[in-house]
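The structure appears right after this line, and notes come after that.
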Amino acid sequence: MKMKKTELMPEYTRNSAVLDEVCRTDAVIRNVSKHRLPDGRIDVKGNLKIWNDALARFDTIPLWPDGAPGFRPELEQEHPQPSIIFVPAGNASEKRGTVIVAHGGGFDTRTGCEGMNAAKYFVDSGFNAAILTYRIRPYSRHDSMADMQRAIRLLRAYKDTLGITDKVAVLGFSAGGMLAANCATHFDAGKADADDPVERCSCRPDAAVLCYGAFAFAGLPAGMFSDPFSDTVRNPFADSKADLIYFAPEVNITPDTPPFFIWQTNSDDPRHSFALVQALTAVGIPFEMHLFPEGVHGLALADGHNDLAMDIPHVARWAALCAEWLAEQGL
């Protein structure tokens with residue numbers, strides 16, 4: 001069953017021009033000095049407005065045409081329906097795979113440079129991109145994960161309509177990196193008898209790219225934020241001991257786990273990466289890892305077009321290395 005272009009497939013080549021303009025004008029970049037209110041709290045509403053205003057400029061594909069399961073209409077002004085912005089590959093001479101790009105923001109807000117600016121880099125590098133707007137608090141991490149899984153399935157279900165292959169990589173920054181890791185360690189082959197053609201497709205990504213994702217909450221010595229011998233959890237990203245373990249990719253590796261590309265700076269504590277790659281190595285899952293000695297959390301492309309206004313050429317090389325690696329994975 002093909003998606004009807006008149007219903008859900010507008011002319012996505014327009015998205016390329018919109019993305020160029022959004023990035024050229026730094027439309028989704030908000031200097032970190034403006035992230036907080038006078039009382040010190042994060043200006044969540046202000047940050048969300050920047051993302052939502054930019055989102056409205058694109059043609060988007062809703063992940064569920066009739067609305068996401070558990071969606072709360074009363075929150076829609078700040079928390080829109082989960083969707084992707086599909087942007088076709090630039091200068092591609094053949095069908096290519098797609099990189100789903102997931103922004104960070106601690107599951108509380110959205111960091112635009114980690115979504116739209118990053119996507120433009122990979123589009124310019126010859127990959128299709130799907131910029132993911134996933135559910136964040138007050139929704140749960142399970143909802144966020146369901147959104148990325150649905151995006152993977154959707155791209156495969158409508159690959160012919162979109163003119164892409166069925167190869168899909170998930171790439172995320174910070175919280176988005178945690179989300180990418182979760183979808184690379186929890187997936188299924190789809191339901192062959194589902195009425196919805198999207199649900200018939202696998203949600204297993206072909207590759208996962210983790211950009212400074214602080215993910216090893218179960219694998220680090222004594223655990224992060226928690227007593228490993230107690231059911232009490234003091235973790236901003238997990239509500240229970242069961243969730244702490246479920247969302248810790250380093251303890252959910254299987255022989256079917258896809259390859260990983262991992263990068264972060266030492267300011268993020270490289271033991272997060274060590275814990276994950278040790279688990280990947282133990283099961284024989286390929287990976288590439290880069291740890292940079294300088295720079296801090298939130299650099300995005302590290303090209304100056306980020307909320308930190310930091311341009312660090314050595315760290316910025318991660319993107320070119322990643323593009324080479326993605327091509328080697330068949331995207």
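Just so you know, all these numbers are worked out from the coordinates, no wet-lab data involved. None of these values were measured; they are calculated from a predicted model. So basically every Cβ, Gly included, is an ideal-geometry build from the backbone, and we count neighbours across all protein chains shown.
Listed by chain and number, the aspartates and glutamates whose C-alpha is less than 20 Å from the C-alpha of K241, apart from same-chain residues fewer than 8 away, are D143, D227, D231, E250.
Largest mean-square fluctuation among A189, A207, A316, in a Gaussian network model of the chain whose springs join Cα atoms under 10 Å apart, belongs to A189. Other residues lying with their Cβ under 11 Å from the Cβ of L75 contribute a combined charge of 0, Lys and Arg counting +1, Asp and Glu -1. Summing +1 for each Lys or Arg and -1 for each Asp or Glu among the other residues whose beta-carbon sits under 12 angstrom from that of R153 gives +1. The distance between label points at D239 and N31 comes to 3.8 nm (points 7 Å beyond Cα on the Cα→Cβ vector). Gain on full extension, evaluated as 0.36 nm per residue between A309 and D53 minus their Cα-Cα distance, stands at 90.0 nm.
In terms of its alpha-carbon gyration tensor, region 36-118 comes out oblate; a/c meets the 1.5 threshold, while b/c is at least as large as a/b.
With the Cα gyration tensor of region 11-153 giving a ≥ b ≥ c as the square roots of its eigenvalues, does the rule (a/c under 1.5 for rounded; else a/b larger than b/c for prolate; else oblate) give rounded, prolate or oblate? Verdict is oblate for region 11-153. Of all the options G70, G97, G190, the one that moves most in a Gaussian network model of the chain with Cα springs shorter than 10 angstrom is G70. By other beta-carbon atoms within 10 Å, ranking V296, V251 with the fewest at the front produces V296, V251. Once both labels are positioned 7 Å from their Cα atoms along Cα-to-Cβ, the gap between A17 and A192 label points is 4.6 nm.
Just one of (i) 5, 25, 34, 26, 9, 1, 0; (ii) 6, 27, 38, 24, 5, 0; (iii) 5, 22, 31, 24, 11, 5, 2, 0 is P(r) over Cα pairs in 10 Å bins from 0, in percent as worked out from the coordinates here. Which one is it? Among (i) 5, 25, 34, 26, 9, 1, 0; (ii) 6, 27, 38, 24, 5, 0; (iii) 5, 22, 31, 24, 11, 5, 2, 0, the one calculated here is (ii). Between region 140-160 and region 36-87, the C-alpha centres lie 16 angstrom from each other.
Rounded to the nearest 0.05, the FRET efficiency derived from the C-beta distance between V296 and R41 at R0 = 25 Å is 0.75.
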